[in-house]
Amino acid sequence: LPVMADGEVATLRAAHEGRPFGEYDRLVLHHGQTALAFELSRRRAVSAAELRLAGDLLEDLEGERLDERETGRRMAAFGLDPGQSYAALLAAPRNGRSGEQVRREVAEELDRRRVRYLSTVRRDRATFLVEAASEDEILGLAEATLT
């Protein structure tokens, strides 16, 4: 059964050994279809809220509006170690791509490399706070992820 929620499409698959699906089975599958649609919507809402909160943190860091203690507390809420070194990485979309497309592409590369980061998207760019031990490391990472 196809499941669509907020533009995301999934498929609910079921198999039944030895006999065809009965009326009750179909009813249960349709309830499962509805539950999966709710879960997809919930995940999207949580992701949107996390992006907004990450954006607030990155904006506050950029504007130097946080003391060290508040910075550490808010970074820890996202699973980042405030004792590590971080760098800002800004990615501007080109060739008609959206900021969100760029954010997802860079995030996939950072995930693949197992780099810890926090990201958000603005109208004109994707913004990242990336764990990096040195300037050379972040420059190499930027070159690899943004080309």
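Every number in this text was worked out from the coordinates using simple rules, so none of it is lab data. All figures in this text were calculated on a predicted structure; none of them were measured in a lab. Don't worry about glycine lacking a Cβ; one is built from the backbone with ideal geometry, like all the others, and counts go over all protein chains shown.
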Task: Listed peptides 65-77, 113-125 by packing density, highest first (mean Cβ within 10 Å) - done: 113-125, 65-77
Task: Backbone N within segment 78-108 under 13 Å of label point (7 Å from D56 Cα along the Cβ vector) - done: 78
Task: Relative frequency of Cα-Cα separations exceeding 23 Å in the chain, percent - done: 51 percent
Open item on the list: Can you list which of the DSSP-assigned H helices in the chain have a Cα extent of 15 Å or more along the long axis and an average Kyte-Doolittle score of at least -0.5?
Closed with: 23-62, 135-146
Task: Relative contact order [Cα under 8 Å, 6+ residues apart], segment 1-104, whole percent - done: 17 percent
Task: Separation in nanometres of the label points that stand 7 Å from Cα toward Cβ, at E17 and R69 - done: 6.2 nm
